[in-house]
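Have a look at the structure below before the remarks.
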Amino acid sequence: QVQLVESGGGLVQAGGSLRLSCAASGRTFSINTMGWYRQAPGKQRELVATISSGGNTNYADSVKGRFTASRDNAKNTLYLQMNSLKPEDTAVYYCRADSILARVYWGQGTQVTVSS
């Protein structure tokens, strides 16, 4: 079992920055790929960024060049640095971890609100 807890969300003005954190606990040795997803009201949850155990990243086109995912395996923590934030980035952001045997774990989510 893996538990994920996000933190770092909040209210920020357009053009500002936030850094989200996701702390993993439990059977962290089994974690392979991790990622960030977001869900705005009335919309489907969408992929924001993924990062492999080796540090290879993949980003949605909408955030490419503005967001950076990273991970510290020694601390079992995933990060998302969000710069040049836009009102369209407003959503609940969720941390996801995929185990080596394809189990999927989700955090509880953290609210990000960007004012115009």
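The values are calculated or read from the model by the stated rules, or taken from the named source; none is laboratory data. All values reported here derive from a predicted model rather than from experimental measurement. In this analysis, Cβ positions are derived from the backbone assuming ideal geometry, glycine residues included, and neighbour counts consider all displayed protein chains. In case anyone asks, the SASA skips ligands and DNA or RNA and just uses the protein heavy atoms, side chains included. Shrake-Rupley method; radii C 1.70, N 1.55, O 1.52, S 1.80 Å.
Brief remarks on what is shown
- Residues of the stretch 68-82 satisfying the condition of being of a type in the set (D, E, K, R) and open to solvent by less than 60 Å² (accessible area, probe 1.4 Å): Arg71, Asp72
- Annotation note: of Ser7, Ser53, Ser17, the sole residue that is farther than 20 Å from Thr110 by Cβ, open to solvent by 50 Å² or more (accessible area, probe 1.4 Å) and of a type in the set (Ser, Thr, Tyr) is Ser53.
- Filter pass, Val48 being surrounded by 18 or more Cβ atoms within 10 Å (Cβ to Cβ) and in a loop (DSSP other than H, G, I, E, B): no
- Residue within the stretch 83-103 that is under 16 Å from Val2 (Cβ atoms), in contact (Cβ under 8 Å) with a residue 12 or more places away in the chain and surrounded by fewer than 13 Cβ atoms within 10 Å (Cβ to Cβ) present: yes
- Residue in the stretch 21-38 that is open to solvent by 50 Å² or more (accessible area, probe 1.4 Å), closer than 13 Å to Val112 by Cβ and part of a strand (DSSP E or B) present: no
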